[in-house]
Structure formats: structure tokens, C-alpha cells
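The values are calculated or read from the model by the stated rules, or taken from the named source; none is laboratory data. A quick note: this is a predicted structure, and the numbers were derived from the prediction, not measured. Note: ideal-geometry Cβ built from the backbone for every residue, glycine included; neighbour counts use all protein chains shown.
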Amino acid sequence: MTAMTVSPEAARRAAAALPDLPRDAEGPVFREPWEARAFALAVALHGRGVFSWSEWAATLADEIARAQRHGDPDTGETYYHHWLATLERLVADKRVTTAETLERTRIAWDRAADRTPHGTPIELRDEDFDLPRSPSTRD
């Protein structure tokens with residue numbers, strides 16, 4: 001996997017546009033590397049005009065509300081799970097990819113993670129995409 005970087009100015013603009021973004025005095029904060037990658041991907045897609053920050057914020061609010069209806073206590077610990085769900089929803093809605101491709105990739109990722117020892121980088125293989133698995137449910 002290649003490293004994804006976001007310019008400090010793009011990160012500042014995103015933080016200013018998204019007031020609920022977890023941050024400290026220096027800017028956005030992340031507990032896990034995947035959270036930073038999801039943030040960087042959203043900033044990059046915004047920079048390419050895939051969505052506006054107001055559209056992002058509305059979709060994120062909807063994803064958080066959906067999660068709360070399903071029991072998420074919204075303590076802040078799941079914020080980037082909602083961020084990722086928003087990212088997936090918008091790229092499918094904008095036809096950057098399809099919901100089917102996202103689900104196929106999610107299943108492949110689960111397969112790769114299942115066979116990978118803890119602490120070892122997960123690597124996707126062609127065979128991870130081969131056999132169908134029942135899709136996860138989302139509303």
C-alpha cells in the first residue's frame with residue numbers, strides 16, 4: 001500500500017468545514033492508522049470535486065443517526081466508523097465505485113484478515129475475491 005498524504009492546508013480546510021472532527025490544537029487526531037487514511041481519502045475526493053463539505057457533513061450526520069438508531073452510543077469512539085460508512089456511501093452514490101464492488105472488497109478483506117496472524121500486515125490476494133460470501137446487512 002502506498003502512503004497517502006494530505007497537505008496541511010487541505011487538512012486545515014477540512015477541519016474548518018467539519019466542526020465535529022476530532023482534533024487537538026494542531027489539527028485532526030486519529031487513534032488508528034486506518035482513521036487517518038479514511039480522512040486523507042475523503043479530503044482527496046473532496047479536492048477532486050466528488051462532494052462538497054456540506055454534502056459530506058449532511059451524509060455523515062445521517063450515518064451517525066442511523067448508527068444511533070441501531071444502538072451506537074455515539075461516545076466518539078466510533079466516529080471514524082461513521083466517517084468510513086459516509087465515504088463508502090458517497091463514492092457509491094456518486095458512482096466513483098459501486099456498492100457491489102465495496103461489498104466484494106469488504107468480503108475479500110475479511111478473508112485476508114481471517115488468515116493473517118495478529119500484528120502482520122494484511123495482504124489481499126486474487127483468491128480473496130473468488131468465492132461468494134453472504135453480504136453484510138446495511139440499511
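Things worth noting here:
- Single residue of 25, 10, 44 found to be under 30 Å from residue 120 (Cβ atoms) and either touching a Ser or Thr at 6+ places or on another chain (Cβ under 8 Å) or among the aliphatic types (A, V, I, L, M) (or both): 44
- Matching option when the condition is farther than 20 Å from residue 49 by Cα and either charged (D, E, K, R) or modelled with pLDDT of 90 or more (or both), among 75, 97, 105: 105
- Test: residue in segment 74-84 that is part of a helix (DSSP H, G or I), of a type in the set (Val, Ile, Thr), surrounded by 12 or more Cβ atoms within 10 Å (Cβ to Cβ) and within 16 Å of the chain's Cα centre (by Cα): no
- Any hit, segment 59-68, residues being assigned to a helix (DSSP H, G or I), at pLDDT 95 or above and under 21 Å from residue 13 (Cβ atoms): yes
- Segment 14-47, residues that are surrounded by fewer than 15 Cβ atoms within 10 Å (Cβ to Cβ), assigned to a helix (DSSP H, G or I), of a type outside the set (Gly, Ala, Ser) and touching a residue at least 12 places away in the same chain (Cβ under 8 Å): 34
- Top-ranked residue of segment 3-54 - restricted to ones that are hydroxyl-bearing (Ser, Thr, Tyr) and under 20 Å from residue 88 (Cα atoms), ranked as modelled with the lowest pLDDT: 5
- Scope segment 61-88; condition farther than 18 Å from residue 31 by Cβ and out of contact with any Ser or Thr (no Cβ under 6 Å at 6 or more places or on another chain); matching residues: 61, 62, 65, 66, 68, 69, 70, 71, 88
- Positions within segment 100-131 being among the charged types (D, E, K, R), assigned to a helix (DSSP H, G or I) and more than 15 Å from the chain's Cα centre (by Cα), in sequence order: 100, 104, 110, 111, 114, 115, 126, 127, 128
- Selection of segment 38-58 for residues being more than 12 Å from residue 14 (Cα to Cα) and touching a Phe, Trp or Tyr at 6+ places or on another chain (Cβ under 9 Å) yields only 38.
- Restricting attention to segment 17-45, the residues that are more than 18 Å from residue 61 (Cα to Cα) and among the acidic types (Asp, Glu) total 3.
- Extreme residue, surrounded by the fewest Cβ atoms within 10 Å (Cβ to Cβ), among residues of segment 85-99 that are part of a helix (DSSP H, G or I) and of a type in the set (Val, Ile, Thr): 91
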